[in-house]
Amino acid sequence: MPAQLGALLRETDGVADAYGTDVVWPLAHIVEQNLLFWSGEAFAGLYRPFDALLFFGDNGGGDQFALVVAPERDDVFVWDHETDSRMWVAGGIDEYLRRALAPDGDEGGDRWRYPLRGS
């Protein structure tokens, strides 16, 4: 478990945004989802391997957020479930949370498709 995510989970066991979307899942859901993604069976032939990623939250529309665990780094990526793209969105959990919880009026989650504002 990456240090930043582990510390957050010890404090909160998940974070929801104003719309009720789990931008950080509870630990049990993180374990469940990653075991599914890492098994390879459910997604074989559909997507590139997920073993280097640790999924920890979503945008409510199918796209999921992950940290790279092999090699471990603090950066947060969004995985687009329709295109299998993996795009950098934040330099760490704190930056990700500031952005995910910002009251910017973007209920559709498109904020992740554009460069971070103010960085």
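The values are calculated or read from the model by the stated rules, or taken from the named source; none is laboratory data. The structure presented is a predicted model; accordingly, all values stated were derived computationally and were not measured. Here the Cβ positions follow ideal geometry from the backbone for every residue, glycine too, while neighbour counts run over all protein chains shown. Accessible surface is based on the protein model in full, side chains and every heavy atom, while ligands, DNA and RNA are left aside. Shrake-Rupley method; radii C 1.70, N 1.55, O 1.52, S 1.80 Å.
Conditions tested, residue by residue: (1) open to solvent by 30 Å² or more (accessible area, probe 1.4 Å); (2) at positive phi; (3) modelled with pLDDT of 95 or more.
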residue: 2; (1), (2), (3): no, no, no
residue: 9; (1), (2), (3): no, no, yes
residue: 24; (1), (2), (3): no, no, yes
residue: 31; (1), (2), (3): yes, no, yes
residue: 35; (1), (2), (3): yes, no, no
residue: 39; (1), (2), (3): yes, no, no
residue: 43; (1), (2), (3): yes, no, no
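Residues being within 22 Å of residue 84 (Cβ to Cβ) and assigned to a helix (DSSP H, G or I) are entirely absent from segment 55-63. Checking each residue in segment 19-74 for being in contact (Cβ under 8 Å) with a residue 12 or more places away in the chain and among the charged types (D, E, K, R) picks out 22, 48, 51, 58, 63, 72, 74.
Among the residues of segment 65-103, which ones are closer than 18 Å to residue 17 by Cβ, open to solvent by 60 Å² or more (accessible area, probe 1.4 Å) and in contact with a helix residue (DSSP H, G or I) (Cβ under 9 Å, 6 or more places away or on another chain)? Across segment 65-103, the qualifying residue is only 94.
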